[in-house]
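Taking it in order: structure first as structure tokens, then the write-up.
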Amino acid sequence: MSIKKRINLADISIILIITAVSITCLVPFLYMIALSFSSNDAIISQKVALWPVDFTLETYKTILSDVEMIYTLGYTIVLTIVYTLVCMFLTICAAYPLTKQRLKGRNFILTVLVFTMYFSGGLIPSYMLVKNLDMMNTMWSLILPGAMSVFNLIILKTFFASLPESLEESASIDGCNDLGILMRIVLPLSLPSIATLSLFYAVDRWNGFQDALFYITDKNLYPMQLKLYQIITANQQLDAQQGEGSVGAYIVPESLKAASVMFATVPILVVYPKLQKYFVDGVMTGAIKG
């Protein structure tokens, strides 16, 4: 078999595998969309597959008319933005000095940081720390405990180290200090990595659930994922009641769950395409160069 045929077979195999994985990820998403736009009767009779049956917007009207849901969406957006800004600030402040050979104890600091990637105090010490710092039922309990990812730090540090040293030397000769070099030269050249890591942090916070479950009991401070959990849990009782009697004018819980999930998913899907052009460049450059 010629080399060209082998390459073609390899390409075809890769394309088939990627297509199969993509379909596996896409089918549940399409099913949720179909459920959210289908009528009660269609869902009860199990006619819904990957396409809405008896198209209706009733569930979305119900969600959009819920003041608490709109408030939770706005609060989660603010929480995600603040979290991303804090995380990127700390990550940049830690990554840039670690690229400098003149930093004393640089290797020791990096070793300590990497150690935390594999070992941690655990859930109970983390809960006690948050409680003792009086951060329970505050936005900061969802921001500060996970305010910097060592994995993202390493990616950004590697990206910074890959930048030509001659640029920094020229700026230093012109009288620019380290902060000026960082702000005027390093950060503008690092937009791909910064945008990529910002997306990582934003998605991580948007999908965050466990920390809010432990630290937040005030309903006004529920992030979106915890709000969805409450909706699904509350509607399990409604589901049981509907199984015993007629549905009447109620919305089928499965439809409400699906619409709520879509309502929480769309905002982050809107942001992703805007940062996608930086994604591959930022990850690959930060992971390989250095």
- Item | Criterion violated by ILE70 - all others in (1) assigned to a helix (DSSP H, G or I); (2) open to solvent by less than 90 Å² (accessible area, probe 1.4 Å); (3) touching a residue at least 24 places away in the same chain (Cβ under 8 Å); (4) farther than 30 Å from LEU191 by Cα satisfied | (3)
- Query: Among the residues of the range 81-95, is there at least one that is in contact (Cβ under 8 Å) with a residue 40 or more places away in the chain and either in a loop (DSSP other than H, G, I, E, B) or surrounded by fewer than 12 Cβ atoms within 10 Å (Cβ to Cβ) (or both)?
  - Reply: no
- Message: Please go through the range 187-209 and give me each residue that is farther than 19 Å from ILE268 by Cα and either touching a His at 6+ places or on another chain (Cβ under 7 Å) or open to solvent by 10 Å² or more (accessible area, probe 1.4 Å) (or both), ordered by number.
- Response: LEU187, PRO188, LEU189, LEU191
- Task: Look through the range 102-131, keep the residues that are outside any helix (DSSP H, G or I) and open to solvent by less than 100 Å² (accessible area, probe 1.4 Å), and return whichever of them is farthest from LEU213 (Cα to Cα).
- Result: LEU103
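The values are calculated or read from the model by the stated rules, or taken from the named source; none is laboratory data. No experiment lies behind these values; they were computed from the predicted model shown. Glycine gets a Cβ as well: all are built from the backbone with ideal geometry, and neighbour counts include every protein chain shown. Heavy atoms of the whole protein, side chains included, go into the accessibility calculation; ligands, DNA and RNA do not. Shrake-Rupley method; radii C 1.70, N 1.55, O 1.52, S 1.80 Å.
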